[in-house]
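Participant: This is the structure I want to talk about, given as structure tokens.
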Amino acid sequence: MDNILQPTPWDKRNFHIDTYQLTTTSLEALEQTNEVEGHFTLKVDPFENKENLLKYGFYYVDTLIEPVGKKENLQLFEKEGIRFSRDYDKTEILEIATEAFTNGRFHRDFNIPDYMADRRYKNWVNDLIEKDIILALHFEGRTAGFFAYEDDKILLLGIHKDFRGRGLAKAFTSHCVQEQFKLSGYDTLKTSISPVNLASLNVFIALGFRLKNTVDVYHKLHGSLPVGG
């Protein structure tokens with residue numbers, strides 16, 4: 001079963017129910033989601049027939065687009081007064097994490113309370129802090145945002161609500177991407193963004209990234225979440 005239903009312990013710790021990601025849309029896999037309690041994630045081609053997914057209780061939550069950027073195509077932007085570093089106040093980064101991602105797929109899942117979705121992002125970012133793969137944006141004496149990366153993947157970009165719309169994101173992200181190219185040794189980087197997050201999509205397009213793959217994301221809850229969990 002583990003080959004079809006892969007446990008996702010990083011989600012289980014937030015929702016206090018078994019959580020899985022399906023590796024296939026086969027009938028065998030869909031039937032197994034009726035045999036065990038848990039919360040399930042399934043990523044599928046947008047053009048795949050979704051009839052069986054709906055029959056087995058799956059519901060649409062998001063679409064993810066994959067921007068891909070090549071080192072030679074990176075466009076750098078400048079903004080006076082910004083800097084990035086690994087020296088930051090952890091609590092300020094976690095504060096941004098709890099309010100910057102309210103359009104994520106778990107926030108859009110009607111079975112997941114917002115406080116659980118908030119906790120998921122906060123715990124994820126705490127893991128990234130522990131792995132030392134976060135760069136903080138400093139501006140006007142404050143922590144204004146952060147950039148998280150690993151290998152050839154850009155994981156998260158968060159800007160504090162007080163600093164959005166001030167032209168910081170393109171300059172900050174472009175220099176972080178440049179740093180990631182240098183540190184990782186990769187010539188191509190990729191990320192994953194929901195189309196509802198137009199601000200982030202526009203940033204990466206401006207930096208020279210091109211939109212590649214797209215997947216639809218479906219969830220299913222079989223059983224119930226603990227009350228007050």
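Participant: Would you please name the residue that is nearest to GLY167 (Cα to Cα), looking only at residues in segment 75-110 that are in a loop (DSSP other than H, G, I, E, B) and β-branched (Val, Ile, Thr)?
Facilitator: ILE82
Participant: Across segment 189-206, which residue is farthest from PHE58 (Cα to Cα) among those that are assigned to a strand (DSSP E or B) and in contact with a helix residue (DSSP H, G or I) (Cβ under 7 Å, 6 or more places away or on another chain)? Can you show your working first?
Facilitator: Looking only at segment 189-206, we keep the residues that are assigned to a strand (DSSP E or B), and these are 189-191, 193.
Retained after the next criterion (residues that are in contact with a helix residue (DSSP H, G or I) (Cβ under 7 Å, 6 or more places away or on another chain)): 189, 191, 193.
Numbers: LEU189: 31, THR191: 25, ILE193: 21 Å.
Step by step, filter segment 189-206, then rank; the result is LEU189.
Participant: Anything in segment 207-229 that is modelled with pLDDT of 95 or more, exposed (fewer than 13 other Cβ atoms within 10 Å of the Cβ) and in a loop (DSSP other than H, G, I, E, B)? List them, or say none.
Facilitator: Result: no residue meets the conditions.
Residue-by-condition table, conditions (1) at pLDDT 95 or above; (2) in contact with a Ser or Thr (Cβ under 8 Å, 6 or more places away or on another chain); (3) among the aliphatic types (A, V, I, L, M); (4) surrounded by fewer than 17 Cβ atoms within 10 Å (Cβ to Cβ):
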| position | (1), (2), (3), (4) |
| --- | --- |
| LEU128 | yes, no, yes, no |
| ARG142 | no, no, no, yes |
| PHE146 | yes, no, no, no |
| ILE154 | yes, yes, yes, no |
| ILE159 | no, no, yes, no |
| GLY167 | no, no, no, yes |
| THR188 | yes, no, no, yes |
| ILE205 | yes, no, yes, yes |
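Participant: Which of the residues belonging to segment 1-53 are surrounded by 13 or more Cβ atoms within 10 Å (Cβ to Cβ), touching a residue at least 40 places away in the same chain (Cβ under 8 Å) and among the basic types (Lys, Arg)?
Facilitator: First, the residues of segment 1-53 that are surrounded by 13 or more Cβ atoms within 10 Å (Cβ to Cβ): 4-8, 11-12, 14-15, 17-25, 29-30, 32-33, 36, 38-44, 50, 52-53.
Now drop any that are not touching a residue at least 40 places away in the same chain (Cβ under 8 Å), which leaves 11, 14-15, 17, 33, 36, 38-44, 50, 53.
Of everything in segment 1-53, those that are surrounded by 13 or more Cβ atoms within 10 Å (Cβ to Cβ), touching a residue at least 40 places away in the same chain (Cβ under 8 Å) and among the basic types (Lys, Arg) turn out to be LYS43, LYS50.
Participant: Those residues that are in contact with a helix residue (DSSP H, G or I) (Cβ under 9 Å, 6 or more places away or on another chain) and not hydrophobic (A, V, I, L, M, F, W, C), I need them from segment 140-152; list them, please. Steps first, please.
Facilitator: Pass one, segment 140-152, residues in contact with a helix residue (DSSP H, G or I) (Cβ under 9 Å, 6 or more places away or on another chain): 140, 142-152.
Within segment 140-152, GLU140, ARG142, THR143, GLY145, TYR149, GLU150, ASP151, ASP152 meet the criteria.
The values are calculated or read from the model by the stated rules, or taken from the named source; none is laboratory data. Since this is a predicted model, take the numbers as computed values, not measurements. All Cβ positions, glycine included, derive from the backbone under ideal geometry; neighbour counts span all protein chains shown.
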